[in-house]
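Visitor: Please see the structure below; I have some questions.
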There are 4 protein chains.
Amino acid sequence: MENDLTMEERVPLTATLLLSCPDRKGLVARIAQFVFQRGGNILNLDEHVEKDERMFFTRVEWDAGELTLPIAAFEQELRLLAGEISAEWKMTYSHDRQRLAIFVSKHEHCIREILWLNSIGELDADIRMIVSNHETLRNLGVQYDIPFHCHPITGANRLEQESLQRGLLAGDRIDTIILARYMQVLSPEFVNAYPFRIINIHHSFLPAFSGANPYRQAYDKGVKLIGATSHYVTEVLDEGPIIEQGVARISHRDAPGDLISKGRELERSVLARAIRLHLANRVLPFGKKTIIFE
Amino acid sequence: MENDLTMEERVPLTATLLLSCPDRKGLVARIAQFVFQRGGNILNLDEHVEKDERMFFTRVEWDAGELTLPIAAFEQELRLLAGEISAEWKMTYSHDRQRLAIFVSKHEHCIREILWLNSIGELDADIRMIVSNHETLRNLGVQYDIPFHCHPITGANRLEQESLQRGLLAGDRIDTIILARYMQVLSPEFVNAYPFRIINIHHSFLPAFSGANPYRQAYDKGVKLIGATSHYVTEVLDEGPIIEQGVARISHRDAPGDLISKGRELERSVLARAIRLHLANRVLPFGKKTIIFE
Amino acid sequence: MENDLTMEERVPLTATLLLSCPDRKGLVARIAQFVFQRGGNILNLDEHVEKDERMFFTRVEWDAGELTLPIAAFEQELRLLAGEISAEWKMTYSHDRQRLAIFVSKHEHCIREILWLNSIGELDADIRMIVSNHETLRNLGVQYDIPFHCHPITGANRLEQESLQRGLLAGDRIDTIILARYMQVLSPEFVNAYPFRIINIHHSFLPAFSGANPYRQAYDKGVKLIGATSHYVTEVLDEGPIIEQGVARISHRDAPGDLISKGRELERSVLARAIRLHLANRVLPFGKKTIIFE
Amino acid sequence: MENDLTMEERVPLTATLLLSCPDRKGLVARIAQFVFQRGGNILNLDEHVEKDERMFFTRVEWDAGELTLPIAAFEQELRLLAGEISAEWKMTYSHDRQRLAIFVSKHEHCIREILWLNSIGELDADIRMIVSNHETLRNLGVQYDIPFHCHPITGANRLEQESLQRGLLAGDRIDTIILARYMQVLSPEFVNAYPFRIINIHHSFLPAFSGANPYRQAYDKGVKLIGATSHYVTEVLDEGPIIEQGVARISHRDAPGDLISKGRELERSVLARAIRLHLANRVLPFGKKTIIFE
């Protein structure tokens, strides 16, 4: 995550480390000690071991107000430790608000939820832009004073429009992209430029009813529960690591329209929970799955 | 459902009618009137119209203690009405306990739940026999004083063993068969002999993870909820009309063994609810779906 | 519910009857027959008998497009039937949108949900006014183009302000009042003027934690689930008939602020469901309880 | 927890520490380091800080197979550490199965669930005895080969019978007592002899409907959800720290008997989860509340 300030100028309140590495003895002690010796007071520590793969995962959050060295120096020393234990890691600081872009088509329930939750301080994100392939929801941009970019997509102009979009995203140093019922498939190049940084909401309990018209599929199948799934976007459609899922009960009395209506509450709630987890650095993707440090 | 008493000797307390026919005006009034004019006091009436298919479905339950004619005569007159409106129907009486056979392999959680619930009067069924392809659970038969038949299945003897089983079922006039984690696939002939009278529990949220090892599939996929599905058995494996479904939350901390353990509670609870609905004549199959009059 | 059109001018699509009376034989048949004989095609019929009190309750919905007599004449004949069976009843028509007033203080989550759901056609209500004791949410009125009336309440001016409010309500022929986190207690006179027509949302799982600061009470008690309750307002605070309830799981990690945040999602969802049931004439209050025809 | 083996003879697989103390900097690092330096490989570490009370809580689980010193010596050194940080602590070892007594009256659903779950290895407890004030469930003792002690209670003999019971418990070195719908109130002396070692299941969503006949209370109140609460028993009836709660949806169709039936599934499930958490040393009582390390 980029930042306008130089490292030295920051006064972070809390710092969060997400780290994964091959499992070995003493990792928790070593990492806790590392933080403690540099003046960090650990507020939360969570860890997990995937036994089959012998992989270790941890999330550590500490009060960074009394660190005995500048953040840049801290990160430099952490880099050495990570090298020794072959770890991948990511650090975030409580005063760095992630910069979001929301992609949307015509359905408003998900984006409306996100904009509102952020407006009352529940997400603590910096929503930089709304990108849509339709003009339909421009008014939401006006209402929340967020730039709204409309790039209509036809079969022919898809890559061209994507190129424009990627320019916008890069120009505004976007950290995470939310597909809030964006009804276009992104190209592999686009997806690969934002690994585990694009969050989608699919309106079914994946892997059931992937693809188009999941509520119709659910209706035809006669299931008794409908679902929604929020996941990171990967090259394979509807197959990315799942962050959060939810279900709601339906009955034979529910027509396809009722499923859509019940689904609306489900989708916005599941997507909001997924975004919250992602923004709080509680999600560690691992292979086709996620580890969620709640 | 067959019965040891002749129709005339019965003194039913309540009678229940399940009926479906093409929709037309006045059906509710006509059926309610039909019951009332014969001395029946309607206790519950529920109906549903599938608009696309223009089909009408109803479940009517009445106090049959003061019927002004014998049950046999009542059913005879109902047959005439049904003919006029092209209806399919089924009648049941509160003192007719359905005769059940439970098929099971080695997992005990589902059958144990059913046997116990029935022993405390929650199912009000007449469990006539347990059929298994293993000796493992014979002791449950002893404990509840229910005949236990063991028919080990090999690739070669499947149809032969099925023939033995069907003889047992017919000989004891079994109404409904419960597959309480019975790990064998029944032949189409068997299935077709008991249309909408065989209830299975599948240990996944169908249509996700049909087939073998659903918990392993769920684990590998990294879903955040696991499910169980109870459905009528049809010729196509795991595709019969769904009666009931349930889900439970899991996390990355749950190993495959934990999924199995959480699934146990889910499976027995979902299967028990499905059996309860079926025994109370609250389930009307229609095409690939069910209508549940709760 | 009052209406601008005269009865004869209406062309209702569907009509709904809510009726309760002492139980007796043949009520379902009689009511169904009554509707059928006047050209009504019953779409839904639900009934319930409270055995201890020997009371009968029903909700009947029919296609009123081919009624053989004007609505006014239909209601006149229904009045005669009701007299014979000592029934209380209420009829509504699908093209009569209820006229709502929303009372609110400073919390926006509930009113925002209602306004939005109505704007996308989910409630099908005519929201006529917002009444508040604070200026805080005036902007929502502007945004949705709904008159916003601010009546600040002090200890001294409460009855005076209520008198103003009741004038507004009467002047605009308001059918139902929604207390969307309105933090003032209404006088008994106010409450009694709108029997079963004032819906409140209480932010706890009543009867637990009635009164002030329920989330703080829940936090101090260490419960593992928090709740929300929507109920009709009666003279006794937080004791009116319950329409709908919901719960959410919490843990020791949730500070009081987290309970408030989780509660927000719960409250708006429970209140919206209650309003939907009320507007669809699915709620029949009976004594201290409600019968919900879903 | 007492044990038949001397400390030195044990070969524990995993060890678990529950510890609480006033919060200060570096506690996680210090404790993790303490375990690591003695050869323990930390498998799970969870911690929590109650900010208002400035209290620190942790649960640490480690592979104790390669400890570099005997358990007794380890515990001796831990005692010194605990002294320095003013901590209360408890250690348990994976091969120490807790010794349970189950108290029951006439309702079988809860005890049956516990006995069965333990028989399939889900609880991993050593159920030493069943104590009842009725003969009703003696057969369950026979079936599971567990001693059944019947102490009928009258107003007059309560303390005398309790004295007998406490003799049995002490004689068999019982760790934890499960009140599986035991309908007698224990004396304060009894309760205080087993602090946070007596687990009760109350058949309501406490604090709603404490006291007698909660389902009747719930029915009369017309709530839309019923609940069950498992808690530690303290001197004040139904007021002990809550371990787990659950709810189930009901409607006006449910008679009091249906509430009891639905409650049965809820009670046994909630109690089983609470026992599981307690036996896995995941519950840390703190004041009137519990911290659950899941």
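The values are calculated or read from the model by the stated rules, or taken from the named source; none is laboratory data. As the structure is a prediction and not an experimental result, all values here were calculated from the model. When we count neighbours, we look across all protein chains shown, and the Cβ atoms used for this are built from the backbone with ideal geometry, even at glycine. These area figures cover heavy atoms from the full protein model, side chains too; ligands, DNA and RNA do not enter into them. Shrake-Rupley method; radii C 1.70, N 1.55, O 1.52, S 1.80 Å.
Visitor: Could you work out the mean count of beta carbons from other protein chains within 10 Å of each residue's beta carbon in D:150-158?
Guide: Working: counts 0, 0, 0, 0, 0, 0, 0, 0, 0.
Average neighbour count from other chains, rounded to a whole number: 0.
Visitor: How do the peptides B:277-284, B:110-117 rank, highest first, by the average count of neighbouring beta carbon atoms within 10 Å per residue? Before the final figure, lay out the partial values.
Guide: Details: B:277-284: 20.4, B:110-117: 22.8.
Most protected by this proxy first, the peptides run B:110-117, B:277-284.
Visitor: Anyone know which of C:Ser86, C:Ser204, C:Ser105 comes out most mobile in the 10 Å Cα GNM of chain C?
Guide: In this elastic network of chain C, the residue with the biggest mean-square fluctuation among C:Ser86, C:Ser204, C:Ser105 is C:Ser86.
Visitor: Only Cα pairs under 8 Å and at least 6 apart count here; give the relative contact order of the stretch A:92-136 as a rounded whole percent.
Guide: Details: 42 pairs, mean separation 24.9, N = 45.
55 percent.
Visitor: For chain B, what does -39500 (n - 2.57) per DSSP helix run (n ≥ 4), summed and divided by total residues, give at 222 nm, in deg cm²/dmol to the nearest 500? Walk me through the numbers on the way to the answer.
Guide: Details: 8 runs with 95 residues, N = 294.
The per-residue figure over chain B is -10000 deg cm²/dmol.
Visitor: Then there's this: Summing +1 for each Lys or Arg and -1 for each Asp or Glu, what net charge is found among the other residues whose Cβ lies under 12 Å from the Cβ of D:Ser204?
Guide: Values: positive: D:Arg216, D:Lys221; negative: D:Asp238, D:Glu267.
It works out to a net charge of 0.
Visitor: What does the average come to when, for each residue of peptide D:206-217, you count the partner chain Cβ atoms lying within 10 Å of its Cβ?
Guide: Numbers: counts 3, 8, 9, 2, 1, 0, 0, 0, 0, 0, 0, 1.
So the per-residue partner count for this stretch is 2.
Visitor: Same structure, new question: Just checking the output field for C:14-27: average partner chain Cβ neighbours within 10 Å of each residue's Cβ? Show your work: numbers first, answer last.
Guide: Values: counts 0, 0, 0, 0, 0, 0, 0, 0, 0, 2, 1, 8, 9, 4.
What the average comes to for C:14-27 is 2.
Visitor: Among C:Leu17, C:Leu206, C:Ile178, flag the residue with its Cα farthest along the positive direction of the charge dipole of chain C, charges on Cβ as +1 for Lys/Arg and -1 for Asp/Glu.
Guide: Of C:Leu17, C:Leu206, C:Ile178, it is C:Leu206.
Visitor: To continue, here is another question. Once you have the Cα-Cα distance between D:Ala255 and D:Ala212, take 0.36 nm times their residue separation minus that, and quote the gain in nm to one decimal. Could the numbers behind the result be given before it?
Guide: On the way: separation 43, 0.36 × 43 = 15.48 nm, distance 1.78 nm.
Extending this stretch completely gives an extra 13.7 nm.
Visitor: To continue, here is another question. Report the antiparallel proportion of the DSSP beta bridges in the protein assembly as shown as a percent, rounded to a multiple of 5.
Guide: On the way: 156 of 220 bridges.
Restricted to the protein assembly as shown, the bridges split so that about 70 percent are antiparallel.
Visitor: Between B:Val236 and B:Ala193, what is the label-point separation in nm under the 7 Å Cα-to-beta-carbon projection?
Guide: 2.5 nm
Visitor: Moving on. Sorted from largest down, give the three principal axis spans of the alpha carbons of the protein assembly as shown, whole angstrom values.
Guide: The principal-axis extents, from largest down, are 88, 73, 69 Å.
Visitor: A further question on this structure: Go ahead and set up a Gaussian network model of chain D, Cα springs under 10 Å, then flag whichever of D:Gly222, D:Gly263, D:Gly39 fluctuates most.
Guide: D:Gly222
Visitor: Just how large is the dipole of the stretch C:88-193 about the Cα centre, in debye to the nearest 20, putting +1 at every Lys and Arg Cβ and -1 at every Asp and Glu Cβ? Don't skip to the end; give the middle numbers.
Guide: Numbers: 11 positive and 14 negative charges, 38 e Å.
For this selection, approximately 180 debye.
Visitor: Just flag the GluC sites (Glu not before Pro) in the stretch D:25-109 sitting in loop per DSSP whose Cβ has no more than 11 other Cβ atoms within 10 Å. Don't skip to the end; give the middle numbers.
Guide: Working: sites: D:Glu47, D:Glu50, D:Glu53, D:Glu61, D:Glu66, D:Glu75, D:Glu77, D:Glu84, D:Glu88, D:Glu108; in loops: D:Glu53, D:Glu66, D:Glu108.
Sites meeting the loop and neighbour criteria: D:Glu53, D:Glu66.
Visitor: Obtain the nm distance between the two label points defined at C:Lys106 and D:Asp145 by a simple spin-label model: each point lies 7 Å from its Cα along the Cα-to-C-beta direction.
Guide: The answer from the label model is 6.7 nm.
Visitor: Further question: Which value in Å is the Kirkwood Rh of chain A over different Cα pairs?
Guide: Numbers: mean 1/r = 0.0484 Å⁻¹.
Result for chain A, one decimal place: 20.7 Å.
Visitor: Please report Rg over Rh for the stretch D:252-294, where both radii come from the alpha carbon positions and Rh follows the Kirkwood definition. Walk me through the numbers on the way to the answer.
Guide: On the way: Rg = 14.7 Å, Rh = 12.2 Å.
When Rh is taken as the Kirkwood radius, the ratio is 1.21.
Visitor: Output the relative contact order of chain B, whole-number percent, from Cα pairs under 8 angstrom with separation of 6+ residues.
Guide: Numbers: 511 pairs, mean separation 44.0, N = 294.
It comes to 15 percent, rounded to a whole number.
Visitor: Projecting each Cα onto the charge dipole of the stretch A:17-165 (Lys/Arg +1, Asp/Glu -1 at the beta carbon, about the Cα centre), which of A:Phe34, A:Phe56, A:Ala125 comes out farthest on the positive side?
Guide: Positive-most Cα among the choices belongs to A:Phe56.
Visitor: Another question, then. Taking the label point as lying 7 angstrom from Cα along the Cα-to-Cβ axis, what are the distances from B:Arg138 to the corresponding position in the remaining copies, in ascending order and in nanometres?
Guide: B:Arg138 label point versus its equivalents elsewhere: 3.0, 8.0, 8.5 nm.
Visitor: GNM, chain D, Cα, under 10 Å: largest mean-square fluctuation among D:Asn41, D:Asn118, D:Asn139?
Guide: Comparing D:Asn41, D:Asn118, D:Asn139 in a Gaussian network model of chain D, the most mobile one is D:Asn139.
Visitor: Taking all protein chains in place and a 1.4 Å probe, what share, in percent, of the accessible surface of the protein assembly as shown do carbon and sulfur account for? Please report the intermediate quantities before stating the final value.
Guide: Details: 24070 of 47710 Å².
Of the solvent-accessible surface of the protein assembly as shown, carbon and sulfur hold 50 percent.
Visitor: So which trypsin sites (Lys or Arg not before Pro) in the stretch B:182-277 are both in a DSSP loop and have at most 12 other Cβ atoms within 10 Å of their Cβ?
Guide: Numbers: sites: B:Arg197, B:Arg216, B:Lys221, B:Lys224, B:Arg249, B:Arg253, B:Lys262, B:Arg264, B:Arg268, B:Arg273, B:Arg276; in loops: B:Arg197, B:Lys224, B:Arg253.
For trypsin sites (Lys or Arg not before Pro) across the stretch B:182-277 that sit outside H, G, I, E and B with at most 12 neighbouring Cβ atoms in 10 Å, the list reads B:Arg253.
Visitor: Enter the mean projected area of the convex hull around the alpha-carbon atoms of the stretch D:86-237, in nm², rounded to one decimal.
Guide: Values: hull surface 45.4 nm².
It is 11.3 nm².
Visitor: Checking understanding here: applying a Kyte-Doolittle mean of at least -0.5 and a length along the axis of at least 18 Å (C-alpha), which whole DSSP H helices in chain B pass?
Guide: Values: long enough: B:71-84 (20 Å, 0.37); B:158-171 (19 Å, -0.54); B:256-279 (33 Å, -0.16).
Correct list, ordered by number: B:71-84, B:256-279.
Visitor: Let me ask something else. Taking every DSSP beta bridge with both residues inside chain D, roughly what % is antiparallel (nearest 5)?
Guide: Working: 39 of 55 bridges.
Counting DSSP beta bridges with both partners in chain D, the antiparallel share is about 70 percent.
Visitor: Using modelled backbone amide H atoms (1.01 Å from N, in-plane), which distant-in-sequence or interchain residues come within less than 5 Å of A:Thr290's amide H?
Guide: Under 5 Å from the amide H of A:Thr290 lie the amide H atoms of A:Ile242, each far enough along the sequence or on another chain.
Visitor: Nearest 20 debye, what's the magnitude of the dipole of the protein assembly as shown about its Cα centre given +1 on Lys and Arg Cβ and -1 on Asp and Glu Cβ?
Guide: Dipole about the Cα centre, nearest 20: 0 debye.
Visitor: What does the buried accessible surface come to for A and B, summed over both chains, with the probe at 1.4 Å? Round to 100 Å². It would help to have the intermediate numbers written out before the result.
Guide: Numbers: alone 14930 and 14930 Å², together 26840 Å².
In total, this chain pair buries about 3000 Å².
Visitor: If I take all pairs of Cα atoms in the stretch B:7-165, what percentage of them are more than 20 Å from each other? Don't skip to the end; give the middle numbers.
Guide: Working: 7872 of 12561 pairs.
That fraction is 63 percent.
Visitor: Sort D:Glu265, B:Glu160, C:Glu244 by heavy-atom solvent-accessible area, probe 1.4 angstrom, most to least. Let's see the in-between values first.
Guide: On the way: D:Glu265 65, B:Glu160 130, C:Glu244 15 Å².
Ranking D:Glu265, B:Glu160, C:Glu244 by accessible area, largest first, yields B:Glu160, D:Glu265, C:Glu244.
Visitor: Between C and D, which C residue has the Cβ nearest their rotation axis, distance in Å?
Guide: Rotation axis C onto D, closest Cβ, rounded to whole Å: C:Ala208, 2.
Visitor: I would also like to ask the following. Return a whole-number percent for the relative contact order of the stretch B:61-175, with Cα pairs under 8 Å and 6 or more residues apart as the contact set.
Guide: Relative contact order comes out at 23 percent.
Visitor: Tell me whether the stretch D:47-122 comes out rounded, prolate or oblate; compute the Cα gyration tensor, take square roots of the eigenvalues as a ≥ b ≥ c, and use a/c under 1.5 as the rounded threshold.
Guide: On the way: a/c = 2.86, a/b = 1.63, b/c = 1.76.
It comes out oblate by the Cα gyration axes.
Visitor: Between B:Asp172 and B:Asn157, 0.36 nm times their residue separation minus their Cα-Cα distance comes to what?
Guide: Value of the extension gain: 3.1 nm.
Visitor: Moving on. Could you give the dipole magnitude of chain D about its Cα centre, charging the beta-carbon of Lys and Arg +1 and that of Asp and Glu -1, in debye to the nearest 20? Please list the in-between numbers first.
Guide: Numbers: 34 positive and 40 negative charges, 181 e Å.
So the dipole magnitude of chain D works out to roughly 860 debye.
Visitor: Using the Cα centre of the stretch B:1-153 as origin and beta-carbon charges of +1 (Lys, Arg) and -1 (Asp, Glu), tell me which of B:Ser86, B:Tyr144, B:Leu45 is placed farthest towards the positive end of the dipole.
Guide: My answer, from the dipole projection, is B:Ser86.
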